[in-house]
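The structure under discussion appears below in the form of structure tokens.
The values are calculated or read from the model by the stated rules, or taken from the named source; none is laboratory data. For clarity, every value in this text was computed on a predicted model and none was experimentally measured. Here the Cβ positions follow ideal geometry from the backbone for every residue, glycine too, while neighbour counts run over all protein chains shown.
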Amino acid sequence: MASERKRSEDLQAVENYFNKPAAVVKEHGIQPEDVWNMDETGFRIGEDQAFAMATSNSAASLISTGEELEVFISSISPSSTLYLDLEGKSLCRHGTISLITILLHPEGVVKLVDVATLGDSAFNTTSKDGKSLKTILEDSGISKCLWDLRNDADALWALYKVGLAGVIDLQLLENASRTGDKTYLCGLEKAIRLDLKLGFLELNRLTSTKKEITSLMSTNIFATRPLEPKTLQYCTNDVVYLPALHDLYLGRISIHWLAKAQEESSRRVDEVHGLEYDPQSPTKTRGPWGSGADQPSLTLDEELDRLDDYLMEQRAEELDRLDDFLLEERAEELDREMFGYDDEDYYDDGGPTNCRDIIDDCDYYLYYSD
């Protein structure tokens, strides 16, 4: 028994133990919802009821025709929440939109709208009741959630004149609900890893899929048809975890910070409509609230300007103190030149030294008596 325990402590043996089932899952395309605990309760390994992932009632599918899109649009209820993510080549005003992944919650339906194939009709196709994807995205009465909406909203507005409304940026919600330092924003993959209780197999699948598709993005993988199963899974991964994250952050945020996150989400949409918006700005990694105080975060140039102002103020104060010191020194020198000091630094102005020198002799008895 002791020898078996010793062999089990070998790091390579432990890695092999976990890598073998992961390889089987990858080889056979086993989905997380098909992995069960030994007691067959139906919860995936490493998860509990509080963090159950929103899985689709049916497999995610691609919408590439107007008829399919019309049916999907008709199925969207005003009470549903839309969790969205866009993909394209250099996704922003300077790039393209190839796919829009939409998770309807709580229905659990995941659809990918094929913008690369449908073009403008992806947004203009209307259902029998007059709804279109454009009107839904612009309807402030229909809740929508994205993780870092900026480049998505930028591309929608610049390329198709679709203005998002009724949207909350979950990246801002995470930052606002965070109890620690809020200086830097968090990416979706990191948030999933840190905030959700994913099992080893699911986390491994998520990471490997992201790594594989990311390596192919230079080939315009999102516009390739037919759509690869891995690409479909990658897009699905970007939305299926959002409801759980949304619930988690709402549960830990204060009303004050929730209002700030909602306000900043709207401000982000307005920002990307402006000509000055830079999709690749290095400042996009920083949160809007600095370390968490009510002061807004500053750009690098603004921080340098503030530092220059501070140093100038400090220098001015030092010069003022030096001027005051020199004036005092000069005043003392003048005093010494005009009035002089004795050897014991006793100040002698040649004036009276006792009360008899001050009070006239005739009045002295009024003040003192022997």
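Given the structure, is Ser265 loosely packed, with under 15 Cβ neighbours inside 10 Å, closer than 29 Å to Asp181 by Cβ and among the polar types (S, T, N, Q)?
It is false that Ser265 is loosely packed, with under 15 Cβ neighbours inside 10 Å, closer than 29 Å to Asp181 by Cβ and among the polar types (S, T, N, Q).
Select, from Thr135, Thr126, Thr183, Thr117, the only residue that is within 25 Å of Glu228 (Cβ to Cβ), assigned by TED's automatic domain parsing to the domain that holds Ser265 and β-branched (Val, Ile, Thr). Talk me through it step by step, then tell me what you get.
Numbers: Thr135 fails: within 25 Å of Glu228 (Cβ to Cβ); Thr126 fails: within 25 Å of Glu228 (Cβ to Cβ); Thr183 fails: within 25 Å of Glu228 (Cβ to Cβ).
On inspection, the qualifying residue turns out to be Thr117.
Residue by residue, here is whether (1) more than 21 Å from the chain's Cα centre (by Cα); (2) at positive phi; (3) assigned to a helix (DSSP H, G or I); (4) touching a residue at least 24 places away in the same chain (Cβ under 8 Å) holds:
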| site | (1), (2), (3), (4) |
| --- | --- |
| Thr135 | yes, no, yes, no |
| Asp139 | yes, no, no, yes |
| Asp152 | no, no, yes, yes |
| Ile168 | no, no, no, yes |
| Asp181 | no, no, no, yes |
| Glu189 | no, no, yes, no |
| Glu202 | yes, no, yes, yes |
| Thr207 | no, no, yes, no |
| Glu212 | yes, no, yes, no |
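Return the pairs, sorted by first residue and then second, in which the second residue is at pLDDT 65 or above, the first residue lies in the range 298-309 and is surrounded by 11 or more Cβ atoms within 10 Å (Cβ to Cβ), the beta carbons are less than 8 Å apart, and the residues are 6+ apart or on different chains.
Listed pairs, sorted by first residue: Leu298/Gly290; Leu298/Arg306; Thr299/Thr283.
Does Asp278 qualify as being in the same structural domain as Asp154 (by TED's automatic domain parsing), modelled with pLDDT of 75 or more and surrounded by 10 or more Cβ atoms within 10 Å (Cβ to Cβ)?
In short, yes.
Which of the residues spanning the range 214-226 are over 22 Å from Ile192 (Cα atoms), part of a helix (DSSP H, G or I) and among the hydroxyl-bearing types (Ser, Thr, Tyr)?
Ser218, Thr219
Mind checking which residues of the range 191-200 are in a helix (DSSP H, G or I) and over 23 Å from Lys284 (Cα atoms)?
Phe200
Among what's in the range 113-139 and is aliphatic (A, V, I, L, M) and in contact with a helix residue (DSSP H, G or I) (Cβ under 6 Å, 6 or more places away or on another chain), pick the residue that is surrounded by the most Cβ atoms within 10 Å (Cβ to Cβ). Even if it seems obvious, please write down each step before you answer.
First, pick out the residues of the range 113-139 that are aliphatic (A, V, I, L, M): 113, 115-116, 118, 122, 133, 136-137.
Still in the running and in contact with a helix residue (DSSP H, G or I) (Cβ under 6 Å, 6 or more places away or on another chain): 113, 115-116, 122, 133.
Numbers: Val113: 26, Val115: 28, Ala116: 21, Ala122: 24, Leu133: 26.
Residue satisfying both the conditions and the ranking: Val115.
Could you go through the range 45-60 and let me know if any residue there is modelled with pLDDT of 75 or more and either surrounded by fewer than 14 Cβ atoms within 10 Å (Cβ to Cβ) or not charged (D, E, K, R) (or both). If you could, list the steps in order and put the result at the bottom.
From the range 45-60, those modelled with pLDDT of 75 or more are 59-60; that's our starting set.
So of that shortlist, the ones also either surrounded by fewer than 14 Cβ atoms within 10 Å (Cβ to Cβ) or not charged (D, E, K, R) (or both) come out as 59-60.
Yes, the range 45-60 has at least one match.
Can you confirm whether Ala158 is surrounded by fewer than 19 Cβ atoms within 10 Å (Cβ to Cβ) and either out of contact with any Phe, Trp or Tyr (no Cβ under 8 Å at 6 or more places or on another chain) or over 28 Å from Thr135 (Cα atoms) (or both)?
Values: surrounded by fewer than 19 Cβ atoms within 10 Å (Cβ to Cβ): yes; either out of contact with any Phe, Trp or Tyr (no Cβ under 8 Å at 6 or more places or on another chain) or over 28 Å from Thr135 (Cα atoms) (or both): yes.
Yes; evaluated as a whole, the condition is true for this residue.
Which one of the conditions (1) within 24 Å of Tyr277 (Cβ to Cβ); (2) assigned to a loop (DSSP other than H, G, I, E, B) does Ala122 fail to meet, given that it meets all the rest?
Every listed condition holds for Ala122 apart from (2).
Per-residue answers, yes or no, for (1) in a helix (DSSP H, G or I); (2) at pLDDT 65 or above; (3) of a type in the set (D, E, K, R):
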| position | (1), (2), (3) |
| --- | --- |
| Gln262 | yes, yes, no |
| Asp270 | yes, yes, yes |
| Leu298 | no, no, no |
| Leu304 | yes, yes, no |
| Ala316 | yes, yes, no |
| Glu328 | yes, yes, yes |
